Amino acid sequence: MEKLGYDWIKSEAGRVDISSGYYCQTRDVFQARLEKMQNDLLADGRIKEDQVYIVSAIAGEIGNNSFDHNLGNWPDAPGVFFAYGFSDGKLKIVLADRGQGILKTLKSVKPELTDDARALDTAFNEKISGRAPENRGNGLKFVKANIKSAGLRLIFISGKAEAGLDEKMEIREAKEKLNGCLAILTV
Amino acid sequence: MRIEMKKFGEMLISRPAGREAFLAMSAYLTKDLPEDEMIEIDFAGVKVLTPSFADEIITKIAEKFKNVKLLNTENITVQSTLKALREYSDLRI
């Protein structure tokens, strides 16, 4: 599933698999599949009810961020890749978009940002709006707080930087550059 | 006036949906109410709430009315979202 996410975000422009069942071209499709995931997880029972709601909220924030910050600016395929499933007893949720990425999004309100690592640090830690003057763009702080309190793990890659979050947060160089954003949540 | 959030859905996630909920509420529920009207926001039945949705409706209600009470906030995502709004959106209820 993670490989499918990587393959989707790394596909050449014009060769993106938009027929995939994991592809949500619009926000409505994403919301419907998110509700399906929640219902599937509640029916499955391996994850506690409270945890299912937290996971839905985190995935919802990350997925909707993609639409919020790329509306009218998608470089090629609009929308998000969204897949989930159990592997070795752990739930994995993969979200990806082929949008502008965190650095370009935040640079409009914080021009001094020059690299992907600092942009990720800002997105997860600073009170800022990527769509100023609107008061928005603080969803990743909510994500970070809930990853920590619920004992989850998140890998978030944008550009050449990768953030690893669990009880703490670490930013490192990504193995390869990814345009847009890729998030892998482990429960 | 009591606003039952579950009437907007059990899974309240996106910003456009929150904005739409606020507009509908302003047209049908809170229209012409004085700013000192007691507004009770009831979260009973809500399963998932995110800061994106809530910022478009809860923060705006709190800006518009002086007396706002939050009811049935036990859900873990409601708690976490309200905490985030207090921290990042200057919500003061």
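The values are calculated or read from the model by the stated rules, or taken from the named source; none is laboratory data. Everything quoted here is computed from the prediction, not taken from an experiment. Cβ placement follows ideal geometry from the backbone for every residue including glycine, while neighbour counts extend to all protein chains displayed. The area values use the complete protein model at the heavy-atom level, side chains included, leaving out ligands, DNA and RNA. Shrake-Rupley method; radii C 1.70, N 1.55, O 1.52, S 1.80 Å.
Just to be sure, is A:GLY14 among the small types (Gly, Ala, Ser) and either surrounded by 12 or more Cβ atoms within 10 Å (Cβ to Cβ) or closer than 14 Å to A:LEU91 by Cα (or both)?
When the stated conditions are applied, A:GLY14 does not pass them.
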### Message
Restricting to segment A:25-47, count the residues that are surrounded by fewer than 19 Cβ atoms within 10 Å (Cβ to Cβ) and under 14 Å from B:LYS47 (Cα atoms).
### Response
4
### Message
I want to confirm something. Restricting to segment A:155-187 and keeping residues that are among the basic types (Lys, Arg) and in a strand (DSSP E or B), which single residue is nearest to A:ALA13 (Cα to Cα)?
### Response
A:LYS177
### Query
Considering segment A:65-96 alone, what residues qualify as being in contact with a helix residue (DSSP H, G or I) (Cβ under 9 Å, 6 or more places away or on another chain), among the charged types (D, E, K, R) and more than 19 Å from A:LYS141 (Cα to Cα)?
A:LYS92
### Summary
Of the residues in segment A:48-76 that are exposed (fewer than 14 other Cβ atoms within 10 Å of the Cβ) and over 25 Å from B:GLY45 (Cα atoms), the one that is farthest from the other protein chains (Cβ to nearest Cβ) is A:ASN73
### Query
of a type in the set (Val, Ile, Thr), over 19 Å from A:GLY89 (Cβ atoms) and either within 11 Å of chain B (Cβ to nearest Cβ) or out of contact with any Pro (no Cβ under 6 Å at 6 or more places or on another chain) (or both) - does that describe any residue in segment A:40-47?
no
#### Entry: Selection within segment B:78-89 - farther than 21 Å from B:ARG2 by Cβ and touching a strand residue (DSSP E or B) at 6+ places or on another chain (Cβ under 9 Å)
B:SER80
### Query
For segment B:58-89, how many residues meet the condition of being within 13 Å of chain A (Cβ to nearest Cβ), farther than 16 Å from B:ALA44 by Cβ and touching a residue at least 24 places away in the same chain (Cβ under 8 Å)?
7
#### Entry: In segment B:27-48, residue surrounded by the most Cβ atoms within 10 Å (Cβ to Cβ) [restricted to those that are under 18 Å from B:ARG92 (Cα atoms) and among the hydrophobic types (A, V, I, L, M, F, W, C)]
B:PHE43
### Task
State whether the residues of segment B:3-26 include one that is basic (Lys, Arg) and crowded, with 19+ Cβ neighbours inside 10 Å.
yes
### Task
Filter segment B:60-93 for residues that are open to solvent by less than 10 Å² (accessible area, probe 1.4 Å), out of contact with any Lys or Arg (no Cβ under 8 Å at 6 or more places or on another chain) and polar (S, T, N, Q) and give the result.
B:THR81
